[in-house]
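Read the figures in this text as sums done on the coordinates, not as results from a lab. Computed from a prediction, not measured in an experiment: that's the story for all the values here. Neighbour counts run over all protein chains shown; Cβ positions are idealised from the backbone, glycine included.
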Amino acid sequence: MICPLVRRIALIGLLAGLPIGAMAQAYPSKPVRVIVPLAAGGSTDNNGRMMAERLSQALGQSFFAENRTGASTDIGIGTMARAAPDGYTIGVVPLGSVATGILLRKLPYDPFKDIAPIGGISKGALVVVVASSSPYQTLADLIAAAKAKPGTVSFGSIGVGSSHHLAGELLKMMTGTDMLHVPYKGASESNLAVLSGQIDSSISGSSSIATQVRAGKLRTLAVTNGIRVPSLPGLPSVGEFVPGYSAGAGTLSLFAPGGTPAAIIGRLSTEMKAILKQPDVIKRLADAGEDPSPSSPEELAAELRGEVDKYTNLVKSSGLKLQ
């Protein structure tokens, strides 16, 4: 009878002799942990769990979500970054959180070395909204009022340094306006402030305003992307009013610890792209005001670098104080 230690040594020797492609085909041979860095119930958690469920079905092995929350996603992403780079711990990463996090605080990981991009999952839209009773019928109206009354037209966000806040700061910079930023602890508070007339407008995630928009309480003026988004085809983009403007919410993505074998990352990326073509997945994202955002590891790495550069340049050129 072969003892467990001998069996393990034999298995390691067998795997060491396999070519990289064969190792990828053998993966996964045990359950895979998918770390979600935000609390259960939000879009990050929902979409992360959906991807874990579909990867389980596609690869015939359990992918299970584990919420590791705190420090604005730093705890969860940091936990993933420190895991063994063997493909059995991966994590959900909101690119916007990483890009703004570099500016706000010292991250417990190097986003360009310690985590390896696998592929994009989804991209939600940030939307400029006003109360249905607001005199501003279009984004052009809001911009004109801000120019006519510097420092008096206000916009809310989910907090200083958030992608919502920086989208507003970019709008100010590119339109030469002086709008008053009012930070809140979350989307519900910011949207309530718009509804009650405490602030003139808010930049909010599309999923957080869906109920109030359908009820006719909030009016959407534009998405903060450079072009219109498929999930909100009738809503103009800020880029249509301000050429060159683009400040989306950032892609929700899947990453692995740095050093994870390229063959394993490649296989996961391929499966993700196939999953994001499934009609029920597309509908599920659309119902939440989001769109599939499939990408290769190389494309995702370039997108992260672009997000970091964009917000770094914004902060430097505007003199914005984030701390």
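Here are the numbers for the structure shown:
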read-out: Whole-Hz ³J(HN,Hα) from phi, Karplus 6.51 cos²θ - 1.76 cosθ + 1.60, for segment 259-268, glycine and proline x; value: x, 4, x, 4, 5, 5, 4, x, 5, 5
read-out: Sorted by Cβ neighbour density within 10 Å, fewest at the top, the residues Arg33, Arg82; value: Arg82, Arg33
read-out: Student exercise, the chain dipole from Lys, Arg, Asp, Glu Cβ charges, in Debye to nearest 20; value: 380 debye
read-out: Rounded to 10°, Cα long-axis angle of helix 4-16 versus longest principal axis of the chain; value: 70 degrees
read-out: Structure-based [θ]222 nm, the chain - -39500 (n - 2.57) summed over DSSP H runs of at least 4, per residue, nearest 500; value: -13500 deg cm²/dmol
read-out: Cα centroid separation, segment 167-211 to segment 108-157 (Å); value: 7 Å
read-out: 23 Å Cα-Cα threshold exceeded, pairs from Lys172/Lys283; Lys217/Lys310; Lys147/Lys185; Lys113/Lys185; Lys123/Lys277; value: Lys172/Lys283; Lys217/Lys310; Lys147/Lys185; Lys113/Lys185
read-out: Glu189-Ile227 pseudo-label distance in nm [points 7 Å out on the Cα-to-Cβ vector]; value: 3.7 nm
read-out: Local net charge near Val223, Cβ-Cβ under 13 Å (Lys/Arg +1, Asp/Glu -1); value: -1
read-out: Relative exposure of Lys310, Lys123, judged by other C-beta atoms within 10 Å (fewest first); value: Lys310, Lys123
read-out: Among [x] 20.8; [y] 20.2; [z] 21.4, the entry derived from the coordinates for Kirkwood radius over Cα pairs in Å; value: [x]
read-out: Efficiency of FRET between Gln198 and Asn313 - r from beta-carbon atoms, R0 35 angstrom, step 0.05; value: 0.65
read-out: Fully extended contour minus Cα-Cα distance, from Ala144 to Ala301, at 0.36 nm per residue; value: 52.8 nm
read-out: Listed residue (His181, Ala263, Leu104) projecting farthest to the positive dipole end of the chain, Cβ model; value: Ala263
read-out: Gain on full stretching of the segment that runs from Ala84 to Ser133 - 0.36 nm per residue minus C-alpha separation; value: 12.2 nm
read-out: Relative contact order computed over the chain (Cα-Cα under 8 Å; 6+ residues apart), in percent; value: 24 percent
read-out: Least to most buried among Asp280, Asp141 (fewest other Cβ within 10 Å first); value: Asp280, Asp141
read-out: HN-Hα J in Hz across segment 166-180 - Karplus 6.51, -1.76, 1.60, θ = phi - 60°, x for Gly and Pro; value: 5, 4, x, 5, 5, 4, 4, 5, 7, 9, x, 10, 10, 8, 8
